[in-house]
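The values are calculated or read from the model by the stated rules, or taken from the named source; none is laboratory data. Because the structure is a prediction, the values reported are computed rather than measured. As a convention, Cβ positions derive from the backbone with ideal geometry for all residues, glycine included, and neighbour counts pool all protein chains shown.
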Amino acid sequence: MRRNGILISRKYHEYFLSTLAMSGSTVIANIIDRIMVGNLLGANEMSAISLTSPMVFVINVVYGLFIYGGNTLAATFKGRRDSDSANKSFTIAILGGIAVCLLMAFGGLALLEPLAKLLSANNEELYRPVTEYLLPTLFMGPLAILVNGTAAFVRSDGLKGLALAIPIASNVINLLMDYVFMGIFGFEVGSAGWATNIGLAAAVVFVIPYFRSKKRTVSFRMKGLLDFRLTLDIFKTGLASALLNASLLLKNYIMNTIVVSLYGSIGAVIMAVCLSGNSMANILYMGTSQTMLPIGGALFGEKDYKGIRYLLKVASGNTLSLCIVISVLFCIFPDQFAAMFNVNVEAISELYEPAFRIFSISIPFIGMQNIFRSYLQSCGYKNAATVMMILDGTLFFIPVIYLLSVTFPPAMWISFTVAPLLSMLTVYIFIYRWLRKQGSTDKLLLPGQPGNSPALEFTLGNNLDDVSESSATVLNFCHENGIDEKVTNYIWLSVQELCSNIAKYAYNRKSGSADLFLTITDTELIMRLRDNGIMFNPTEFKDDGGKDITGIKLLRKLKIDIDYNRVVGFNNTIVTVPKHALCDPSTVTDPASPAPG
C-alpha cells in the first residue's frame with residue numbers, strides 16, 4: 001500500500017473557494033467600486049480609487065501580520081496539540097488587529113489633507129476625489145479584521161459554507177449600496193467607500209454564529225493579549241504576507257507618481273485600469289497561495305514533509321494554470337477590459353494597450369512568487385519569505401522602474417515581471433546552498449524523515465477490505481523491524497479498530513480515505529491516523545444506543561496512549577506504544593483476537 005496524496009488534494013480544493021472569497025473580499029469590493037464609479041461618475045473618479053489603493057495595502061499589511069500570521073501559527077500549534085497557544089494566537093490576531101487598525105484610522109483622520117495630497121501627487125484635478133474616497137477607506141481596517149479575519153479561522157475549522165457566505169454577503173451588500181448611493185441618490189465617489197464599510201458591517205451577522213458554535217476549535221483567551229513573545233512569533237509568521245502588501249503599496253505609489261508625472265490624469269486612468277487587472281489576478285493567486293498556509297502549517301507541525309510536497313504540487317499547478325489563462329485573456333482583450341470601467345480607449349490606446357499587455361505578462365510570475373512565499377512560511381522559513389518580499393519591492397523593482405522611466409518609459413511595466421522573478425531565484429539559491437552545507441540536497445528545500453527511524457505511510461479507503469490490508473501491512477512492517485510480539489499486537493489492534501470505526505462512522509457511508517503513518521523510534525512506536533471526514537473522535541465515539549464500541553473499549557484498557565485532535569478539518573488520532581510495554585497479556589488476547597502470525 002502506498003500514500004497517494006488524495007487527502008491533501010481534497011482538503012486543498014475544499015478550502016480553495018472559501019479562501020478565494022475571503023482573501024479577495026477587499027479586492028473584489030475595490031474592483032466593484034471602480035466599475036460602478038467609472039460607469040456612474042467618470043474616469044477621473046475611478047482613477048481616484050486606484051490612487052487611494054496604497055491605504056488599502058497599509059490595512060492589508062496589518063491584516064497579514066495579525067490574521068495570516070495568527071491563523072498559520074494557530075494551525076501549527078494545533079498540529080502539535082497545543083490548544084492553549086492556538087487560542088492565544090486567535091485572540092491576538094482578532095483583537096490585536098482591530099486595536100491597531102483603529103489607531104491607524106484615527107491617526108489617518110488627523111492627517112487626511114496631507115495624505116490626500118501625497119496620494120494624488122499634488123494633482124489638483126485628482127485631489128478632491130482622492131480625499132472623498134480616502135476618508136471611508138481609513139475605517140475599513142477594523143471591520144476587515146473582524147469580518148474577513150474571523151472568516152480565515154472559520155475556514156481553518158472546516159466550516160467552509162460559513163467561510164464562503166461571509167465575504168459573499170459583504171460584497172453583495174456593497175454592490176447594492178453602491179447602486180443606491182451613486183445610481184439613485186447621485187452621491188460622489190466617497191459614497192463607494194462607505195458602501196464597502198456598510199457591506200463589511202452587515203456581514204458581522206454571519207460572524208456571530210461562529211463565536212457561538214461548539215464546533216470551533218479556537219476561542220478567546222484574554223491573557224493571550226499580554227503574551228508579547230507569542231505576538232512577536234505571530235508577526236514573524238505573518239511578516240512575509242504583510243511585506244507582500246507593503247511591496248504592493250510601494251510599487252503602486254512609485255508607479256502612480258511616475259505615471260502621473262509623465263502623463264497627467266491620462267496616466268492615472270491607465271494606471272487604474274492596469275491595477276484593476278492586477279487586482280483581479282490577485283484574487284486568484286492570493287486565493288491559491290493563502291489556501292496553503294493553514295494546511296501547510298498543520299502539516300509542518302506534524303512533520304509530515306511528504307504531505308507538504310503534495311500540497312505544493314496541487315497549489316502550484318492550480319496557480320500557474322489560472323494565472324496563464326488570465327494573462328492570455330488580458331493580452332487578447334485589453335480594450336474590452338478597459339470598457340468595463342467606462343474608459344474611452346480610443347483616446348489613450350497608443351499608451352494604454354502596450355502598457356496593459358506588458359503588465360499582463362507579470363501575472364504568472366507574481367502568482368508563483370505568492371506560492372513560493374506561502375510555501376516558505378509553511379515550512380518555517382519565515383525570515384527567507386520576508387527577505388524575498390523586501391528584495392522584490394525595493395532592491396529589484398525600484399532601480400528597474402526608475403531606469404526604464406527615464407530611458408524608455410513604454411517598457412517600465414516589465415518591472416512587475418523582473419522583480420518577482422529575481423527575488424524568487426535569489427532566495428531559492430541562497431536556501432539551497434545553505435541546506436547543502438547542512439548535508440541536505442532536497443530541491444524542494446524540505447528535510448526528510450527525521451533521523452534514521454524506520455517509517456511507514458500509506459493511504460487507505462473507508463472500506464473494510466482496505467482496513468484488513470492495512471492491518472496486514474502494519475503487521476509485516478513490525479515483524480520486519482523486530483518489534484516485540486506484544487507491542488505488535490497493540491499496534492495491530494489499534495489499526496484494526498480505529499480504521500474500522502473511521503470507515504463505518506467518519507464519512508457517513510460516503511466515499512473517503514485516510515492516511516496512516518507508523519514510525520519506530522528508539523523507545524516507542526507512534527501510529528498516526530488522519531482522515532477528512534466529519535468531526536469524529538474514535539476514542540470517545542458511542543454507537544446508536546449510547547454504548548461504547550467494543551473494540552474501542554478494549555483499546556482503552558491497554559497500556560498505550562491514545563490522543564485525538566482536529567486540525568484544519570482533519571481528524572488526527574495518535575497512538576503511542578512503548579517498545580517494552582508492560583501489561584497483562586490476557587488483555588491483548590481478548591475475543592477481539594490477537595494479531596495473526
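Tabulated values for the structure
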| item | result |
| --- | --- |
| Among (1) free of Cβ contacts under 8 Å to residues at least 40 places away in the same chain; (2) over 30 Å from K88 (Cβ atoms); (3) buried (at least 18 other Cβ atoms within 10 Å of the Cβ) - the single one A169 does not satisfy | (2) |
| Residue in region 234-250 that is touching a helix residue (DSSP H, G or I) at 6+ places or on another chain (Cβ under 8 Å), more than 30 Å from L51 (Cα to Cα) and in the same structural domain as Y12 (by TED's automatic domain parsing) present | yes |
| Filtered residue count, region 1-26, keeping only those that are modelled with pLDDT of 70 or more, out of contact with any Leu (no Cβ under 8 Å at 6 or more places or on another chain) and on the phi < 0 side of the Ramachandran plot | 13 |
| All helices (runs of 4 or more DSSP H) inside region 291-349 with 3 or more residues being under 18 Å from the mean Cα position of the chain (by Cα) and in the same structural domain as L20 (by TED's automatic domain parsing) | 292-301, 305-332 |
| M182 modelled with pLDDT of 90 or more and either crowded, with 22+ Cβ neighbours inside 10 Å or aliphatic (A, V, I, L, M) (or both) | yes |
| Single unsatisfied condition, P410 versus (1) part of a helix (DSSP H, G or I); (2) at pLDDT below 90; (3) crowded, with 16+ Cβ neighbours inside 10 Å | (3) |
| Pick from region 108-125, criterion within 20 Å of Y263 (Cα to Cα) and among the aliphatic types (A, V, I, L, M), ranking: modelled with the highest pLDDT | A116 |
| Count of residues meeting criterion [surrounded by fewer than 24 Cβ atoms within 10 Å (Cβ to Cβ) and at pLDDT 80 or above] in region 288-301 | 1 |
| Selection from region 35-52 of residues that are modelled with pLDDT under 80 and under 26 Å from L146 (Cα atoms) | S50 |
| Residue check, K214 out of contact with any Ser or Thr (no Cβ under 7 Å at 6 or more places or on another chain) and surrounded by fewer than 18 Cβ atoms within 10 Å (Cβ to Cβ) | yes |
| Any chance R34 is buried (at least 24 other Cβ atoms within 10 Å of the Cβ), of a type in the set (K, R) and out of contact with any strand residue (DSSP E or B) (no Cβ under 7 Å at 6 or more places or on another chain) | yes |
| When residues of region 496-527 are limited to those that are at pLDDT below 85 and β-branched (V, I, T), the one surrounded by the fewest Cβ atoms within 10 Å (Cβ to Cβ) | T523 |
| Checking I258 against (1) surrounded by 20 or more Cβ atoms within 10 Å (Cβ to Cβ); (2) under 24 Å from the mean Cα position of the chain (by Cα); (3) not small (G, A, S), the condition it does not meet | (2) |
| Leading residue by the ranking (farthest from I270 (Cα to Cα)) among those in region 39-96 that are basic (K, R) and over 18 Å from the mean Cα position of the chain (by Cα) | R81 |
| Residue in region 77-84 that is of a type in the set (S, T, N, Q), touching a residue at least 40 places away in the same chain (Cβ under 8 Å) and surrounded by fewer than 19 Cβ atoms within 10 Å (Cβ to Cβ) present | yes |
| Considering residues of region 226-249 that are touching a Leu at 6+ places or on another chain (Cβ under 6 Å) and of a type in the set (A, V, I, L, M) only, the residue modelled with the highest pLDDT | I234 |
| Residue within region 240-260 that is under 26 Å from F570 (Cβ atoms), of a type in the set (S, T, N, Q) and in a helix (DSSP H, G or I) present | yes |
| Test: F153 is closer than 30 Å to M292 by Cβ and either surrounded by 22 or more Cβ atoms within 10 Å (Cβ to Cβ) or outside the structural domain of V37 (by TED's automatic domain parsing) (or both) | yes |
| Helices (runs of 4 or more DSSP H) fully within region 57-113 counting 2 or more residues that are among the polar types (S, T, N, Q) | 69-79, 83-91 |
| Residue that is nearest to the chain's Cα centre (by Cα) [pool: residues in region 486-529 that are assigned to a helix (DSSP H, G or I) and among the hydroxyl-bearing types (S, T, Y)] | Y505 |
| Test result for T441, at pLDDT 90 or above and either under 28 Å from the mean Cα position of the chain (by Cα) or buried (at least 19 other Cβ atoms within 10 Å of the Cβ) (or both) | no |
